[in-house]
Amino acid sequence: MSSEERSECLPLESMAFDNRSQRRKQDASMVSGKSLCTDFLCSHDTFDSDEFQTKVTVKTRTEMLMQSEAEREVVVDHLIQQEETKEKALFYVLKTRTSSEPNILLMVSALLARRANPSCREENDGKQSPLHHASEKGFVDVVKELLSKGARPDIRDKDGELPVHIAVSNHNDDIAALLVLQMDNKT
């Protein structure tokens, strides 16, 4: 019997389980600690892989976290320490050019769970909010997460632009619609 014939004989439940299992493995590899570490810690020379693994091991044992959760928490701890505040860490994550939206969403969610202010403004000359950066990058899910945690879509940057202006100028219609809807709900 060929492998195709054998797979046809498997009960539907086991085939669904195999598909879910494969999907979880793909999702996990997409947002693994190695990827998060590479994306968010490369610029920090003070953090080496041995230190990372040691901290992950401690978190998995003491906080009863799964490996991927512990890795994410170690990365978040380190970013907050390096950037000095949760809000500065949030901007660092949103400005990371090399990372994918799923990784950025994980990190943004973790920082918001630690009560980073979703409506903060940068201290630099731009005075942009997290929504400005997420809108500029076209990260729909990150914008949704920020809005769900209370980010204000009516914050203007130093040039007077709202996040919706950035979304429209970058042809991100889905984000623009989300922001307009959210502004309508607040008035």
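Please treat every number below as a calculation from the coordinates, not as lab data. Note that this is a predicted model, so its numbers are computed, not measured. As a convention, Cβ positions derive from the backbone with ideal geometry for all residues, glycine included, and neighbour counts pool all protein chains shown.
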- Residue-wise HN-Hα coupling along the stretch 76-84, computed from phi with Karplus coefficients 6.51, -1.76, 1.60 (Hz; x: Gly, Pro): 5, 3, 5, 4, 5, 5, 5, 8, 5
- Note on the structure: With bins of 10 Å, the percent of all Cα-Cα pairs of the stretch 68-119 per bin from 0 is 27, 63, 10
- At q = 0.10, 0.23 Å⁻¹, what is the log10 ratio I(q)/I(0) for the stretch 78-187, with the Debye formula run over Cα points and no solvent? -0.24, -1.35
- Theoretical FRET efficiency, 1/(1+(r/R0)^6), r = Cβ-Cβ of Asp174 and Ser119, R0 25 Å, to 0.05: 0.75
- Message: Students often get this wrong: which residues of the stretch 74-96 have the backbone nitrogen under 19 Å from the point 7 angstrom along Cα-to-C-beta of Arg61?
- Response: 74-75
- Query: the stretch 79-187: which GluC sites (Glu not before Pro) are DSSP loop and have at most 11 other beta-carbon atoms within 10 angstrom?
  - Reply: Glu84, Glu123
- Counting Lys +1, Arg +1, Asp -1, Glu -1, what net charge surrounds Val142 among other residues with beta carbon under 13 Å of its beta carbon? -1
- Query: For Val58, what charge total do you get from the other residues with a beta carbon under 15 Å from its beta carbon, if Lys and Arg give +1 and Asp and Glu give -1?
  - Reply: -3
- Note on the structure: The answer for trypsin sites (Lys or Arg not before Pro) in the stretch 54-135 that fall in a DSSP coil and have at most 16 neighbouring Cβ atoms within 10 Å is Arg97, Arg114, Arg115, Lys127
- With the Cα gyration tensor of the stretch 138-180 in hand, give its eigenvalues times 5 under a square root as the equivalent ellipsoid semi-axes, listed largest first in whole angstrom. 15, 14, 7
